[in-house]
Amino acid sequence: DLAVTATCHGPSKDPIDGSYSYWITPYSSHLPPSPEQLESSALASGTIYNVTIDQCDADFHLGKIRLPKAKLWWPHTHGSQPLYLLQVVFRSSDNTYESRVNTSFGVRTVSSEIGAASKSFTLKINGHPIFLAGGNWITSDQFLRFSNSRQRYFNELMLMANAGFNSIRIWGGGITETRQFYEVADEVGMLIYQEFWMTGDNNGRFAGEYDWPTDHVSYILNVRDVIRKLRNHPSLAFFGGGNELYPIDLSPPRDIDEQIRR
C-alpha cells in the first residue's frame with residue numbers, strides 16, 4: 001500500500017475550505033499530462049473533501065491506496081527503473097483558489113542487515129542484497145551555476161554508471177544535491193547515500209568545535225525540509241549524519257543526532 005500525504009507551505013491569514021484531489025499515472029519525462037489525460041490514464045485516484053487549511057505548515061493525509069500491478073524500481077545493475085507521476089490539486093470550495101503540484105516516484109523497498117558470516121553491512125533493495133560499487137560526489141558545481149541542467153547531470157551520472165557504479169555517496173562537506181540531480185538518478189538507476197552537512201574538518205574532530213553548527217534549530221529545520229524534499233525519490237537509499245564525525249558521543253551534537261534519527 002502507498003500512503004499519500006500533502007504538505008501545505010506558506011502563510012494563511014484566513015482559513016481556506018476546499019478539497020484535495022490526486023492522480024497517479026505512469027511517469028513521462030515530457031510535460032505533465034493534462035487534466036483530461038490524467039482522468040483517462042490514472043492508475044489510482046481519489047478526492048478528500050471538507051479540508052480546511054488554517055496553518056502555514058501542515059500535513060494532510062489523503063489515505064492509502066493500492067497501485068495495481070506496480071512495477072518495482074531497481075538500481076541499473078539489477079533491473080529497470082519504472083517511475084510514476086503523482087499530481088495533487090487543492091481547490092477552494094468557491095473555486096477562487098487552486099494549487100497544483102507534481103512529483104515523480106518509484107516503488108521499491110530499502111532494508112539492511114549485518115551479514116551473519118561477513119559481519120558487514122548489507123543493503124537490500126526489494127529484499128535482494130545489492131553489491132554496492134560506487135564513488136564519492138564532491139559537488140561538481142558548488143555554486144549551482146548549472147543546477148537547472150538535467151542534461152549535465154545525466155551526462156555525469158551516465159559516466160559513473162558506464163564505469164560500473166551503482167551507488168554514489170554525496171559528501172557531507174558539500175551540499176544537498178538538487179531535484180534535477182535526484183530526478184536523473186531515479187531515471188539512470190543510481191543509489192544515493194546523502195550525508196547531512198557536517199564534517200570532522202570543522203565539527204570538532206580536526207578543527208572547529210563539537211557544538212557546531214552555532215544555530216541548532218535552523219539546522220534541524222533544514223534537515224526536515226531536505227528529508228521532505230527527497231523522500232519520494234527511489235534513488236535515495238539512506239541518509240548519513242555527516243563525514244568523519246568522531247567520537248560518536250560528541251559528534252554530531254546529541255540534540256541534532258536525536259532529531260535526525262526521529
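The values are calculated or read from the model by the stated rules, or taken from the named source; none is laboratory data. As the structure is a prediction and not an experimental result, all values here were calculated from the model. So basically every Cβ, Gly included, is an ideal-geometry build from the backbone, and we count neighbours across all protein chains shown. We work out accessible area using only protein heavy atoms, side chains counted, and drop any ligands, DNA or RNA first. Shrake-Rupley method; radii C 1.70, N 1.55, O 1.52, S 1.80 Å.
Computed quantities for the displayed model
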| read-out | value |
| --- | --- |
| Pairs where the first residue, in segment 230-257, is assigned to a helix (DSSP H, G or I) and the second is modelled with pLDDT of 85 or more, C-beta under 7 Å, 6+ apart | Leu230/Tyr182; Leu230/Gln194; Leu230/Leu236; Asp255/His216; Ile256/His216; Ile256/Tyr219; Ile256/Ile220; Asp257/Gly241 |
| Residue within segment 226-237 that is open to solvent by less than 20 Å² (accessible area, probe 1.4 Å), of a type in the set (S, T, N, Q), modelled with pLDDT of 90 or more and touching a His at 6+ places or on another chain (Cβ under 8 Å) present | no |
| Restricting segment 171-209 to residues that are open to solvent by 20 Å² or more (accessible area, probe 1.4 Å) and not in a loop (DSSP other than H, G, I, E, B), the residue that is farthest from Thr103 (Cα to Cα) | Gly208 |
| Residue count for segment 40-74, restricted to those that are closer than 15 Å to Pro26 by Cα and either touching a residue at least 12 places away in the same chain (Cβ under 8 Å) or assigned to a strand (DSSP E or B) (or both) | 12 |
| Among the residues listed as Gly127, Gly115, Gly79, Gly63, the single one being small (Gly, Ala, Ser), surrounded by 12 or more Cβ atoms within 10 Å (Cβ to Cβ) and either in contact with a His (Cβ under 8 Å, 6 or more places away or on another chain) or farther than 18 Å from Ser19 by Cβ (or both) | Gly79 |
| Any pair with Cβ under 9 angstrom, 6 or more apart, that starts in segment 2-27 at a residue that is at pLDDT 80 or above and among the charged types (D, E, K, R) and ends at one that is open to solvent by 50 Å² or more (accessible area, probe 1.4 Å) and not in a strand (DSSP E or B) | Asp17/Ser93; Asp17/Asp94 |
| The one condition in (1) assigned to a strand (DSSP E or B); (2) at pLDDT 95 or above; (3) farther than 23 Å from Val107 by Cβ; (4) not small (Gly, Ala, Ser) that Ile168 fails to fulfil | (3) |
| Number of the exception - Asn155 against (1) farther than 17 Å from Lys229 by Cβ; (2) among the polar types (S, T, N, Q); (3) open to solvent by less than 70 Å² (accessible area, probe 1.4 Å) | (3) |
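Residue-by-condition table, conditions (1) among the basic types (Lys, Arg); (2) closer than 19 Å to Glu195 by Cα; (3) within 21 Å of the chain's Cα centre (by Cα); (4) not in a loop (DSSP other than H, G, I, E, B):
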residue	(1), (2), (3), (4)
Ser111	no, yes, yes, yes
Leu132	no, yes, yes, no
Asn136	no, yes, yes, yes
Asp141	no, yes, yes, no
Arg145	yes, no, no, no
Ala161	no, no, yes, yes
Gly164	no, no, no, no
